[in-house]
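The next block holds one structure in the form of structure tokens; read it before the comments.
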Amino acid sequence: MTPLEQAALICLHYSMYCTLEKMPLWVVGEWALGQEFNPEIKLETADTYHAALEGMLAKGWLRVVDKTPEERLAKLRAAGWIGPNPHWIPQKGDLDFTRKGYTLYRRICRANGTAHPESLLFVEESKRVVQIVASTKAQCLRAFQESMGSSPGRYGDELASYVGKPVRVLRVEEPERVGRWMEREMSPHRGGWRIQVHYQPIRRCRVEIPELGVTGWRETMHRTTITGRVRPEGAKKSLHFELSEPVDCDSRKTVSYRPRLIVYDGKNTPKPILTVYHGDSVSAGGIGDGFTHFQWHGSTALPQPMTPELAVAALREGILAWQSHRSGG
């Protein structure tokens, strides 16, 4: 397998699914990212990557998905399969691994020491349960810890990132044996172990500071966060902000909670990757966080996690600091 072909499979490994016409741009991005760490890598034109992808289709390493996600998932559920995660599967017309191609890719990963045991994290929102599945009990426990952390008090925080809303963990079941499951469609497993996490959504509270143009939501989980939008004076569009509460440890190992506000100005500023595709110069994406932002840390460290009242007060202080920064004050 050539380095170009391996770069294409890495894109699919990270669920960068798209059509044959668009995939070369993802491969360019993956290849250019490697160039950041290895200047000897030569950046080819996207037409070259397109030819490599066609060759992989001919070898039977890749396939074009011919059914919709709904059709495929319905068939799998009817047959009793757990997984895959419906949010991380290709659409009809996208490129995906064949079983042959995925087996080859996993073999290469094992040879170079980058292979990790497969596991599935699958949110069933209608049942308010998250399933974490792996091949062995030890792998299942490891996957649970990697996803949820080691502190039961933080399980709700970690789980919220997968559910997409603030939640409270009600109970975590002991590992149990299960039957057929799959992390991805081309890698079925005939048996494994599962941990189920039952949760309950938490109501968000509205936050408004009209004189500062702030509207948002307070999310109280293990700690208090506020996310929302702020509109600069005279601006047509509002900007996203997030007030959070990272833990600080000083030289005496004293733990404190210092509020942090990040305001994203919305300007897309990635390092561009330019290549040529069918004779036209195009941007293939970028490297970096993609947005410039303003970051403020509260001057006062709090001995305990922020109360809702302290969070709103910290948000007001941070927004005033951001306004002063924008005006050059």
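The values are calculated or read from the model by the stated rules, or taken from the named source; none is laboratory data. Here the structure is a predicted model, which is why all the values come from computation and not from measurement. Virtual Cβ from ideal backbone geometry, glycine too; neighbours counted across all protein chains shown. Side chains included, ligands, DNA and RNA excluded: accessible areas come from the protein's heavy atoms. Shrake-Rupley method; radii C 1.70, N 1.55, O 1.52, S 1.80 Å.
With a simple spin-label model that places each label point 7 Å from the Cα along the Cα-to-Cβ direction, the separation between T2 and R168 comes to 5.8 nm. Measuring spread by the Cα atoms of the range 33-148 yields a radius of gyration and Dmax of 17.8, 51 Å. Here the calculated FRET efficiency for T307 and E176, from their Cβ-Cβ distance with R0 = 41 Å, stands at 0.55, rounded to the nearest 0.05. Derived scalar couplings between HN and Hα for the range 168-185 equal 10, 7, 8, 7, 10, 7, 5, x, 9, 6, 9, x, 5, 8, 8, 6, 9, 5 Hz in order, rounded to whole Hz, by the Karplus curve 6.51 cos²θ - 1.76 cosθ + 1.60 (θ = phi - 60°), x for Gly and Pro. Exposure check, 1.4 Å probe, all protein chains in place: K100 carries approximately 120 Å² of accessible surface.
If the viscosity is 0.692 mPa s and the temperature 37 °C, what Stokes-Einstein diffusion coefficient in µm²/s follows for the range 125-184 when Rh is the Kirkwood radius over Cα pairs?
Details: Rh = 12.5 Å.
Here the translational diffusion coefficient equals 262 µm²/s.
Placing R0 at 51 angstrom, the Cβ-Cβ distance between V129 and A51 gives a FRET efficiency of 0.65 after rounding to 0.05.
Could you give the length gained on full extension between H240 and H297, defined as 0.36 nm per residue of separation minus the Cα-Cα distance, in nm?
Details: separation 57, 0.36 × 57 = 20.52 nm, distance 1.70 nm.
Here the answer is 18.8 nm.
In this structure the amide hydrogen of T224, modeled in the peptide plane, comes within under 5 Å of the amide hydrogens of M306, none closer than 5 places in sequence on its chain.
Taking 0.36 nm per residue of separation and subtracting the current Cα-Cα distance, fully stretching the chain between C109 and R316 would add 69.6 nm. The modelled label-to-label distance for the pair K100/T227, using points 7 Å beyond Cα in the direction of Cβ, is 4.3 nm.
Could you look at the range 79-185 and say what percent of its accessible area is carbon and sulfur, using a 1.4 Å probe and all protein chains? Can you show the working numbers first?
Working: 2680 of 5710 Å².
For the range 79-185, the apolar C and S fraction of the accessible surface comes to 47 percent.
Backbone geometry of the range 7-13 corresponds, through the Karplus equation with coefficients 6.51, -1.76 and 1.60 at θ = phi - 60°, to 3J(HN,Hα) couplings of 4, 5, 6, 4, 4, 5, 4 Hz, x marking Gly and Pro. In terms of its Cα atoms, the range 102-250 spans 59, 41, 35 Å along the principal axes, sorted from long to short.
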